[in-house]
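*Asks:* Below is a structure I'd like to ask you about.
The values are calculated or read from the model by the stated rules, or taken from the named source; none is laboratory data. Note that the coordinates shown come from a computational prediction; the quantities given were computed from them, not determined experimentally. Every residue, glycine as well, gets a Cβ built from its backbone with ideal geometry; the counts of neighbours run over all protein chains shown. The accessibility values were calculated without ligands, DNA or RNA, using every heavy atom of the protein model including side chains. Shrake-Rupley method; radii C 1.70, N 1.55, O 1.52, S 1.80 Å.
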Amino acid sequence: MFDLNVGTVGAVNIVTSENGGLSNDQIADMLASKLIYISDEAPEPIRLQAEAFRDRVRNMAQYYIELARKEERASICAKVRDAGQLELAKAIGRV
């Protein structure tokens with residue numbers, strides 16, 4: 001009646017946080033590991049070069065994640081300020 005096919009999923013990474021969302025570091029690590037997979041069986045010189053490249057990608061991602069969050073807060077502050085909530089805008093700007 002039913003024909004079930006079973007497959008493999010592969011490696012699964014789970015990232016959690018406490019008291020808020022994921023940190024910039026966690027998001028940058030997730031992005032770099034998704035973009036650049038390095039085989040355990042790769043020859044050492046190639047693996048080392050790939051790891052160095054992944055670190056550079058991770059650092060660049062972290063910079064732009066931090067910038068995006070900063071700019072988003074600035075946009076929220078501007079909208080809140082335009083709505084006449086000056087104290088709330090200042091509080092958000094301090095976050």
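*Asks:* Around ASN24, with a cut-off of 11 angstrom between Cβ atoms, what is the net charge of the other residues, counting Lys and Arg +1 and Asp and Glu -1?
*Replies:* Spelling it out: positives minus negatives among the neighbours equals 0.
*Asks:* For the chain, modelled as a Gaussian network with Cα springs under 10 Å, which listed residue fluctuates most, ILE27, ILE36, ILE46?
*Replies:* Evaluated over the chain, the most mobile residue of the options is ILE46.
*Asks:* Another question about this same structure. Once neighbouring chains are kept in place and the probe is 1.4 Å, which whole percent of the accessible area of the chain is contributed by carbon and sulfur? Let's see the in-between values first.
*Replies:* Details: 4540 of 8280 Å².
Looking at the chain in its full context, I get 55 percent from C and S.
*Asks:* What distance in nm lies between label points placed 7 Å from Cα along the C-beta direction at ASP40 and VAL15?
*Replies:* A separation of 2.2 nm, rounded to one decimal place.
*Asks:* Then there is this: What aspartates and glutamates does LYS70 reach when the alpha-carbon gap must be under 20 Å and sequence neighbours fewer than 8 apart in one chain are set aside?
*Replies:* LYS70 reaches ASP25, ASP29, ASP82, GLU87.
*Asks:* Given a cut-off of 20 Å, what percent of all Cα-Cα pairs of the chain lie beyond it?
*Replies:* Considering the chain, 61 percent of its Cα-Cα pairs are separated by more than 20 Å.
*Asks:* Based on Cβ point charges of +1 for Lys and Arg and -1 for Asp and Glu, what charge dipole magnitude is obtained for the chain about its Cα centre, in debye rounded to the nearest 20?
*Replies:* The dipole magnitude comes to about 600 debye.
*Asks:* Counting only heavy atoms of protein chains, what accessible area per residue, in Å², does the chain have with a probe of 1.4 Å? Walk me through the numbers on the way to the answer.
*Replies:* Working: 8280 Å² over 95 residues.
Ligands and nucleic acids excluded, the result is 87 Å² per residue.
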